[in-house]
Amino acid sequence: MLRSFFLYLSAAGWARRLLMALPFATRVSRRFVAGETLDNAIEVTQKLNEKGLMASLDLLGESVHNEADAKRATDNYLALLEKMAATGVKAYASLKLTALGLGVSEDICVLNMRRILTRARELGHFIRIDMEGSAYTEKTLKVFRTLREDYEFSNVGIVIQSYLRRSEQDMRELAAEGSSVRLVKGAYKEPAEVAFPEKADVDANYVKLMEQYLSAEARAKGAYLAVATHDEKMIDAAKRFVEQNHIGKDQFEFQMLYGVRGALQESLAAEGYQMRVYIPYGTEWYPYFMRRLAERPANVWFIAKNFFRG
């Protein structure tokens, strides 16, 4: 019930206006968001790099409604690429296609992505396309394939959500294409006909998809997997599978969110696994923050403590 409530709040304009007007709100959001500026994000990334952790930087923002806003977001991502190159941080960029105009026009979105991927390729950077709600799954995959097949960009990856019923087929096709996939459980509210409603089914599908994508056949075609989870059962399942199948620690990576299970992140890095931290930043933090609370309602206690401090 709490998960559904926070997912509802993530899209509720009245709740967004109310919370973001509270004096302590920005401070509380820093639990999961690096800050509101690019410099904030780079500073956090450098500190994590010093601990042996890589990063995935995401400028928060989604669902722009006009071409000008999509171009502005594109320019901001180009600035991020330049900053990463200038500072030498071990990181790549993650982005949402609706921030680049997918909801306005597919052509506008593809044009903006071509600008970003062209500069990223020149600088030796990789770009990860995040997955959004199921209404955008097919559109996102279409743009991803257009960029790889029609424009021959190899420096781009995608995200797949294990709670979607369609994901097994999507992963099978992506493996055949030799794609880089970040596998997550999923953080949006979806109907039962689209997504598995029970956590046990989502978890079982996660392990199945993870093992299929790490198979020798998939890896031989160039498929690469980022195992993105904070669930130690999923992490242990991945560890067992790679050990049993003699898969090198450089042939996949673990990923987690900034502000969640930092000690476990450092422990995995110390064990020699590639560990990447997803670091969001920017002023549009509200929807992201609400989805983090939906994933783990225990974090509401963290808000309560900060409320009484503020």
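Work out how far the C-alpha atoms of segment 245-291 reach from end to end along every principal axis, then list the three figures in whole Å, largest first.
42, 19, 16 Å, listed from the longest principal axis down.
With contacts defined as alpha carbon pairs under 8 Å and 6 or more residues apart, what's the relative contact order of the chain in percent?
Working: 497 pairs, mean separation 81.3, N = 310.
So the answer I get is 26 percent.
Provide Arg114, Arg165, Arg276 ordered by accessible surface of protein heavy atoms (probe 1.4 Å), highest first. All intermediate terms of the calculation are to be shown ahead of the outcome.
Details: Arg114 90, Arg165 115, Arg276 20 Å².
The ranking, largest first, comes out as Arg165, Arg114, Arg276.
Can you pull the accessible area of His230 for me, 1.4 Å probe, Å² to the nearest 10?
Here the accessible area works out near 50 Å².
Rg and Dmax in Å for the chain, alpha carbons only: what are they?
Cα radius of gyration and Dmax of the chain are 18.6, 55 Å respectively.
Solvent-accessible area per residue for the chain at a 1.4 Å probe radius, Å²? Write out the running numbers ahead of the final one.
On the way: 14120 Å² over 310 residues.
Per-residue accessible area for the chain comes out at 46 Å².
Report, for the chain, the % of DSSP beta bridges that are antiparallel, rounded to 5. Please report the intermediate quantities before stating the final value.
On the way: 1 of 33 bridges.
The antiparallel proportion sits near 5 percent.
With label points built 7 Å along Cα→Cβ from the Cα atoms of Arg145 and Ala263, find their separation and express it in nm.
Inter-label distance under the simple model: 4.5 nm.
What's the FRET efficiency of Ala220 with Leu111 using the Cβ-Cβ distance as r and R₀ = 30 Å, to the nearest 0.05? Present the calculation step by step, with values, prior to reporting the outcome.
Values: r = 34 Å, r/R0 = 1.14.
So, using R0 = 30 Å, E works out to roughly 0.30.
Please work out the Kirkwood hydrodynamic radius for segment 136-262, using every pair of different C-alpha atoms, and report it in angstroms with one decimal place. Please list the in-between numbers first.
Working: mean 1/r = 0.0662 Å⁻¹.
It is 15.1 Å.
Considering only Asn205, Asn40, Asn112, give the residue with the highest GNM mean-square fluctuation for the chain, with springs between Cα atoms whenever their separation is below 10 Å.
Evaluated over the chain, the most mobile residue of the options is Asn40.
Where the only charges are on Cβ atoms (+1 Lys, Arg; -1 Asp, Glu), what is the dipole of the chain about its Cα centre, to the nearest 20 debye?
So the magnitude is around 840 debye.
With every protein chain kept in the model, how would you rank Tyr188, Tyr92 by accessible area, 1.4 Å probe, largest at the top? Can you show the working numbers first?
Details: Tyr188 40, Tyr92 15 Å².
So the residues, ranked largest to smallest area, are Tyr188, Tyr92.
Can you give the relative contact order of segment 203-249 as a percent, counting alpha carbon pairs under 8 Å and 6+ residues apart? List each step's numbers first, then the result.
Numbers: 23 pairs, mean separation 17.3, N = 47.
Taking the mean separation of contacting Cα pairs over the length of segment 203-249, I get 37 percent.
Just subtract the alpha-carbon distance of Ala176 and Gln212 from 0.36 nm times their residue separation and send over the number in nm, one decimal.
Numbers: separation 36, 0.36 × 36 = 12.96 nm, distance 1.14 nm.
So the chain would gain 11.8 nm between Ala176 and Gln212.
With a cut-off of 8 Å between alpha carbons and a minimum separation of six or more residues, what is the relative contact order of segment 108-211 in percent?
Details: 115 pairs, mean separation 26.6, N = 104.
It rounds to 26 percent for segment 108-211.
Please compute the alpha carbon radius of gyration of segment 30-139, then divide it by the globular-protein estimate 2.2 N^0.38 Å. Two decimals is fine.
On the way: Rg = 14.0 Å, N = 110, 2.2 N^0.38 = 13.1 Å.
Working it through for segment 30-139, the quotient is 1.07.
Just to verify a number: FRET efficiency for Glu193 and Gln244, C-beta to C-beta distance, R0 = 35 Å, to 0.05? Intermediate results must be reported in sequence, preceding the final value.
On the way: r = 35 Å, r/R0 = 1.01.
It comes to 0.50.
Between Gly103, Gly88, Gly61, find the one with the highest GNM mean-square fluctuation for the chain; connect C-alpha pairs within less than 10 Å.
Maximum among the listed residues: Gly88.
Just the number, please: carbon plus sulfur as a percent of the accessible area of the chain, 1.4 Å probe, no ligands or DNA/RNA counted. Mind dumping the intermediate values first?
Details: 7390 of 14120 Å².
Heavy-atom surface of the chain belonging to carbon and sulfur, 1.4 Å probe: 52 percent.
The values are calculated or read from the model by the stated rules, or taken from the named source; none is laboratory data. Nothing here was measured: the structure is a model prediction, and the numbers come from that model. Methodologically, a virtual Cβ is constructed for each residue, glycine included, from the backbone with ideal geometry; neighbour enumeration extends over all protein chains shown. Areas reflect the complete protein model, heavy atoms only, side chains present, ligands, DNA and RNA absent. Shrake-Rupley method; radii C 1.70, N 1.55, O 1.52, S 1.80 Å.
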